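Below is one structure, written out as structure tokens; the observations come after it.
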Amino acid sequence: MAVKEQWRSGLGFVLAAAGSAVGLGNLWGFAYRASQGGGMVFLMLYLLIVVVVCLPLLVAEMALGRSTGRSPLVAPAVAGGRLWQPMGWLFVLVSFGILGFYVILMGWTGQTLLHALIHGLPQDKAIAQDFFDQIRGGQPAFLGQFLSLILTSLVVACGVQKGIERLSRWGLPLLFILLIGLAIWAAGLQGAHEGYRTFLLRWDANELLNPTTISNAFKQAFFSIGAGIGAILAYASYLDRRAHLPRESVLIVGMDTAVGLLAGMVTFPLVMSFGLADAVSKSTIGTLFITLPTGLSSLGMTGRLVAVLFFALAYIAAITSSVSLLEVPVASLMDRLGWTRVRAVCVSAVLTLLIGLPAVTGLPKLPGLSDAVSSLDVLGWMDSLFGGVLLILGGLFLTILLGWVAPSRLRNDLNGCNTPPALQRLLLVMLRWVSLPVVTIGVIISVIEFL
Ligand code: PFF
């Protein structure tokens, strides 16, 4: 049997895991969900869920990966017995589902970037809408999806150290530099404070009971951290025994949250200073692809440069995430069937392409449906199902498995990396008595919202 791959260093692992967390979810998703209302309440709920649920969950998921040394498909059954096998399948299914639409969003990002670079920005909203209508479905969307999948596959095929770790080592620092630069630039815009106030700082207590705001906070937290799907599990299975999991988790979650907030500090001032707040509040997943370029075009060459930098950093963020999603089925196929990495990558990429196809072509009018379904609707549906309901469900299973069924696995693993006993106890108590009930509520609310 081949020797198991390993990260070159602990830092490589942290950067790769943070790269998985930081993605389009931070740049588009955060802005899009925050702008659907909620303001400060959304932000607070989001931070609360991240700290009390996602953080312990992330430690648990890493401990499961590292202690078993197995792939996301096999690890749950190794830890909990055969009854837990379906959880492994859920991980693989959800990864395919998310990657299926994620590479399409990457395609839109890439096309918008190239257009800004080569042709410049659209002069008004109608032109921007036209351009977006052209790229969001059909042949151009397929091309974007295909190329993004090829790039992702190439990185994953190069392996853990030479592919994923190398990409994250330069991608993540670059992304931070670009984003901080843009946030500083955006703070000088006329509508900057108005932008922060409207979207992030507005307090409305009624929002605390608004199911959309609550479910948005859950979806955003789970999707952004990427807990509950097996990606971090796969990465942790390549990790050595010494890495201090609670500390690594805090670093990863901290970087992810910082990027979400920084992205908001870029997008909201832009949206406000160009008077596009209305368009964004009624937003669909694609709105930012229309509003941002339109707004920036009024700033001439500076706007064009900002657009190119922003879409470039979005693409870098996206690819460090898409590789982690692809790693879930790839590691699983290698582990379960003994396939080579390259073979597992090829088969997984073809399956991903097929799964995403309806989000490119839309669905024709089928019996039982009153109308044909547009590609954008399919994409939104995939986002809600895979990136919402099922992802949170995966998180629920993880809390039960490591909190109740196999807590000794978590303890032993944390002991091995010298975690103080008090911190171990705190994590277990959080997992059992806080994460579990809160994630259960999250699953229920997101199912209701989905239906
Ligand atoms: N966290 C990524 C983002 O915010 O775009 C998306 C993602 C990556 C979700 C990896 C789930 C995952 F396992």
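The values are calculated or read from the model by the stated rules, or taken from the named source; none is laboratory data. Everything numeric in this text was worked out from a predicted model, so none of it was measured. Using ideal geometry, Cβ is built from the backbone for each residue, glycine included, and neighbour counts are taken over all protein chains shown.
A few comments on the model shown:
- Checklist (1) surrounded by 19 or more Cβ atoms within 10 Å (Cβ to Cβ); (2) modelled with pLDDT under 90; (3) not aliphatic (A, V, I, L, M) applied to Gly138, failing item: (1)
- When we screen Val41, Val50 for residues that are more than 23 Å from Val156 (Cβ to Cβ), more than 16 Å from the ligand (Cβ to nearest atom) and of a type outside the set (Ser, Thr, Tyr), the only hit is Val41.
- Matching residues in the stretch 47-87 - criterion: being under 21 Å from Gly442 (Cα atoms), in contact (Cβ under 8 Å) with a residue 12 or more places away in the chain and of a type outside the set (A, V, I, L, M, F, W, C): Pro56, Glu61
- Qualifying residue in the stretch 218-229 (condition: farther than 22 Å from Ala31 by Cβ, touching a Phe, Trp or Tyr at 6+ places or on another chain (Cβ under 7 Å) and at pLDDT 85 or above): yes
Yes/no matrix, rows are residues, columns are (1) among the basic types (Lys, Arg); (2) at pLDDT below 95:
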| position | (1), (2) |
| --- | --- |
| Val360 | no, yes |
| Leu366 | no, yes |
| Leu369 | no, yes |
| Leu376 | no, yes |
| Leu401 | no, no |
| Arg411 | yes, yes |
| Cys417 | no, yes |
| Val439 | no, yes |
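- Every pair of residues 6+ apart whose Cβ atoms lie under 6 Å, when the first sits in the stretch 16-30 and is near the ligand (Cβ under 8 Å from one of its atoms) while the second is part of a loop (DSSP other than H, G, I, E, B): Ser20/Gly226; Ala21/Gly226
- Counting only helices (runs of 4 or more DSSP H) that fall entirely inside the stretch 1-92 and contain at least 3 residues that are buried (at least 24 other Cβ atoms within 10 Å of the Cβ) and of a type outside the set (Ser, Thr, Tyr), the qualifying elements are 10-21, 30-34, 55-68.
- Any hit, the stretch 121-140, residues being without any contact (Cβ under 8 Å) to a residue 24 or more places away in the chain and among the polar types (S, T, N, Q): yes
- Check on Tyr102, of a type in the set (Ser, Thr, Tyr), surrounded by fewer than 24 Cβ atoms within 10 Å (Cβ to Cβ), touching a residue at least 24 places away in the same chain (Cβ under 8 Å) and assigned to a helix (DSSP H, G or I): no
- Out of Gly181, Gly188, sole residue that is exposed (fewer than 15 other Cβ atoms within 10 Å of the Cβ) and more than 24 Å from Ala17 (Cα to Cα): Gly188
- Hey, Leu73 over 29 Å from Phe268 (Cα atoms) and modelled with pLDDT of 95 or more or not: yes
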